[in-house]
Amino acid sequence: METNRDILISGASVAGPALAWWLSRHGFRPTVVERAPQLRGGGYAVDFRGAAHLSVLAKMGILDAITARQTRLSATTIVDQQGRAVARMPAHVFAGDVEILRGDLAHILYEATQDTTEYLFGDSISMLGERPGGVDVSFEHAPPRTFSLVIGADGLHSNVRRLSFGEHDRFIEDLGLCVSIFSMPDSAGLDHAGLLCSVPGRTAGVFAAGDDRAIAQLFFAAPGVSYDHRDTARQQQIVAEAFEGMGWRVRELMAAMAQAPDFYFDTVSQVQLDRWSAGRVALTGDAAWAAGPGGNGTGSAVVGAYVLAGELAAARGDHQTAFARYERLLRPYVAKGQKQARGGKDFLAPPTAKKIAQIERFYKMLPYLPVKHLMKYLTTRTASGIRLPGYSLRERPGDANAGAVA
Ligand SMILES: Cc1cc2nc3c(=O)[nH]c(=O)nc-3n(C[C@H](O)[C@H](O)[C@H](O)COP(=O)(O)OP(=O)(O)OC[C@H]3O[C@@H](n4cnc5c(N)ncnc54)[C@H](O)[C@@H]3O)c2cc1C
């Protein structure tokens, strides 16, 4: 049987480079293909919370770099449509133990892997053909190659999942919301703070992002909405229509949206799959178990990378055993994150005025509660809910016997 150590990963955001880092530490040779022409910057803030997330980042030696570039969000003020403060949420509610812009995190991961990983930007897998001993891969641009394994870390709309498992819609659970995120000038002088305003079915927020920039984050109820993911003008029209008539600073946000260099729009959805692997192809991160906001997606992407690479090394490249163990370990963990995200849906775009009043009452109580303990109970417990195996690292990653896939 042919053996080699070359593993192809699709997607260079969080899950892909984190997996590449761990694979190379175990003696494999990762290649990452990313559709975007260069590393995608910007984006929203993501957070890590609890022992499992932090211990993997510490083992990777990037926790300090992440802490150095954290958002330092101080607090978020809930305002009404006239801009009057209704309640104040302490930072820990949103920001976890350490919060960072997704683009900054991708950059740190890229820097940590660029010497040991081959990156192919501006390309995408067009065909996967499995045969004994490997997977023949065709790319849109690069010449065809053969890899021992292919891992899809290409997010909610995963290309690898479509090629190896089936059409997108079969695996998507639409949570009935849409989200739009873009950066804008920090005209409100937010200084590490955030502002949030909800009316039934819609929430508009703006958060400091440093460097005189702010991030606008909009959530709105839109069950079953369909759109063309390449048609930005139509997506902006959907957002503008959804927020028509809303007070506060929404008019200014809509004007900024039209100018935004990094407009992002998507449905808030989860991925549900019976299996995360098919032969020599496997999925990880959002491609396998997207939970949506509040589901510890970024933390579970780095935890998943640690486990998947560790199991491949522990099984000495026996991918069937490794994929089965990876799935057995991770499934209960990510299911809790998905459940948590479903439960938090009403906080993103509260459906009724009654629900908004209820949420505001909860926020008003927060200053009188031990928030760190409360969040520990509500979210950190889920994020920490996995016992991570210890995997021994190969002494010499270049060793001829290290990291071979059978
Ligand atoms: C609005 C919002 C807020 C969130 N907030 C939080 C939060 O506060 N905390 C948290 O932990 N998580 C949060 N998440 C979830 C978090 O963003 C994801 O779970 C995390 O980014 C998963 O990373 P990933 O690498 O699996 O996927 P992604 O970050 O989606 O990256 C996928 C990568 O694959 C690339 N790609 C796509 N198609 C192809 C292709 N055909 N070929 C090659 N490459 C391709 C993309 O360009 C991208 O670089 C949030 C999500 C959303 C939508």
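Hey, could you check segment 145-165 for residues that are over 20 Å from His229 (Cα atoms) and either out of contact with any Gly (no Cβ under 9 Å at 6 or more places or on another chain) or at pLDDT below 95 (or both) and say which is nearest to the ligand (Cβ to nearest atom)?
Val150
Residue by residue, here is whether (1) more than 9 Å from the ligand (Cβ to nearest atom); (2) open to solvent by 10 Å² or more (accessible area, probe 1.4 Å) holds:
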| position | (1), (2) |
| --- | --- |
| Ala45 | no, yes |
| Ala52 | yes, no |
| Ile66 | yes, no |
| Ala75 | yes, no |
| Val86 | yes, yes |
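Condition check: more than 21 Å from Thr31 (Cβ to Cβ), open to solvent by 50 Å² or more (accessible area, probe 1.4 Å) and not in a strand (DSSP E or B). Does Gly189 satisfy that?
Yes; evaluated as a whole, the condition is true for this residue.
Table: residues versus (1) closer than 17 Å to Gly50 by Cβ; (2) open to solvent by 10 Å² or more (accessible area, probe 1.4 Å); (3) modelled with pLDDT of 95 or more.
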residue	(1), (2), (3)
Glu311	no, no, yes
Leu329	yes, yes, yes
Gln340	yes, yes, no
Ile356	no, yes, no
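Can we say Ala322 is surrounded by 24 or more Cβ atoms within 10 Å (Cβ to Cβ), within 19 Å of Ala383 (Cβ to Cβ) and either over 13 Å from the mean Cα position of the chain (by Cα) or within 16 Å of the ligand (Cβ to nearest atom) (or both)?
No.
Give me the residue from segment 127-144 that is open to solvent by 40 Å² or more (accessible area, probe 1.4 Å) and assigned to a loop (DSSP other than H, G, I, E, B) and, out of that set, nearest to the ligand (Cβ to nearest atom).
Looking at residues that are open to solvent by 40 Å² or more (accessible area, probe 1.4 Å) and assigned to a loop (DSSP other than H, G, I, E, B), I get Glu140.
Quick check: is even one residue across segment 285-308 modelled with pLDDT of 95 or more, closer than 18 Å to Ala18 by Cα and outside any helix (DSSP H, G or I)?
Yes: segment 285-308 contains one or more residues that are modelled with pLDDT of 95 or more, closer than 18 Å to Ala18 by Cα and outside any helix (DSSP H, G or I).
Return yes when Tyr333 is aromatic (Phe, Trp, Tyr), within 14 Å of the ligand (Cβ to nearest atom) and touching a residue at least 40 places away in the same chain (Cβ under 8 Å) and no when it is not.
Answer is yes for this residue.
The values are calculated or read from the model by the stated rules, or taken from the named source; none is laboratory data. Source: prediction; values computed, not measured. No Cβ is skipped: glycine too gets one built from the backbone with ideal geometry, and neighbour counts run over all protein chains shown. What goes into the accessible areas is simple: the full protein's heavy atoms, side chains included, and nothing from ligands, DNA or RNA. Shrake-Rupley method; radii C 1.70, N 1.55, O 1.52, S 1.80 Å.
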